[in-house]
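The values are calculated or read from the model by the stated rules, or taken from the named source; none is laboratory data. All values reported here derive from a predicted model rather than from experimental measurement. Methodologically, a virtual Cβ is constructed for each residue, glycine included, from the backbone with ideal geometry; neighbour enumeration extends over all protein chains shown.
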Amino acid sequence: MDGAIVDLDGTVYRSHTAVPGATEGIELLRDAGVDIVFVTNSSTKTREECRDRLASLGIETAVSDILTSASVTATYVTREYPTATVLAVGEPAVTDELTRAGATLTDDPAEADVLVVGKDTAFDFDTLTRCLRAIESGAAFIGTNDDRKVPTDSGLVPGAGALLAAVSYASDRDPDVVCGKPNDPIIEVSLDTLETDPADCLVIGDNPETDIEMGRRAGLTTVLVLTGLVDGSDPLLAEGPADHVIASLAEVSTVLRES
Ligand SMILES: [Mg+2]
């Protein structure tokens, strides 16, 4: 194996603490010469914040080896719509990534060629109205990711997908593209970053619907870790949800031996 796409939340860390076995597993991969790109559907943290959190757990990595759904959306939008004016809904990480990628931003729905919707904890009726008007005036509709809900220290909170659904319902229009896992934009940017053939690449994550599905679509070897959404008693495990199922990243050497 030449490369590994490794999820963050539930795979490497949970909030600010390391998932048991994760730091060891990352070391095992690196010792085996496997290049790693860390890929998260979060659009609310900057890549620098992800790097700092990894560093605090003893995992040093370059910002360029971290992808968030916000950074992938910025890459996608500026590649597909290079001259577009963009109305962005989301936390500062979304506008930050779009600005860094060279996008022109606007607050005026009538001016927007592209509407980007990510998770926005300040999302309200006014936001929904602006989204509706941008779409009505012809903007392309791009989502960062479509996670329905996200676990936090204080319990579940709605994910970007819940906001995309509100905009879709109001405008009677599905998003043109959703950039995050398991969709094509994040797969393409991940493989471009690793410069690896899909057949020589692992995807390691805790979420069957995003991490594992992304790997399945792209022809990667899929590895489900039981440290996040799915635990060892989940009935899903009887269905063989991934090429490999391991208790934690610390067991990744068994995958490397068998791959
Ligand atoms: Mg995860």
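Looking across segment 227-243, the residues that are under 23 Å from the mean Cα position of the chain (by Cα), surrounded by fewer than 18 Cβ atoms within 10 Å (Cβ to Cβ) and not in a helix (DSSP H, G or I) come down to Asp231, Pro241. Residues that are away from the ligand (no atom under 16 Å from the Cβ) and in contact (Cβ under 8 Å) with a residue 60 or more places away in the chain within segment 196-219 comprise Thr196, Asp197, Asp200, Cys201, listed in sequence order. Taking segment 128-158, which residues are among the hydroxyl-bearing types (Ser, Thr, Tyr), touching a residue at least 60 places away in the same chain (Cβ under 8 Å) and surrounded by fewer than 19 Cβ atoms within 10 Å (Cβ to Cβ)? Correct list: Thr152 only. Among all positions in segment 13-31, there is no residue which is modelled with pLDDT of 95 or more, under 12 Å from the mean Cα position of the chain (by Cα) and assigned by TED's automatic domain parsing to the domain that holds Asn207.
Counting only strands (runs of 3 or more DSSP E) that fall entirely inside segment 126-226 and contain at least 1 residues that are under 21 Å from Val12 (Cβ atoms), the qualifying elements are 149-152, 155-158, 201-205, 221-225. Scanning for something in the same structural domain as Ala140 (by TED's automatic domain parsing), touching a Cys at 6+ places or on another chain (Cβ under 7 Å) and not polar (S, T, N, Q), does segment 82-90 turn up at least one residue? Checked segment 82-90: at least one residue is in the same structural domain as Ala140 (by TED's automatic domain parsing), touching a Cys at 6+ places or on another chain (Cβ under 7 Å) and not polar (S, T, N, Q).
Residues that are surrounded by fewer than 21 Cβ atoms within 10 Å (Cβ to Cβ) and in a loop (DSSP other than H, G, I, E, B) were ranked within segment 11-43; the one that is farthest from the ligand (Cβ to nearest atom) is Gly33.
Taking segment 2-28 as the range and being hydrophobic (A, V, I, L, M, F, W, C) and touching a helix residue (DSSP H, G or I) at 6+ places or on another chain (Cβ under 6 Å) as the test, the residues that pass are Ala4, Ile5, Val12, Ala22, Leu28. With respect to Val189, determine if the residue is within 13 Å of the ligand (Cβ to nearest atom) and more than 11 Å from Ala4 (Cα to Cα). In short, no.
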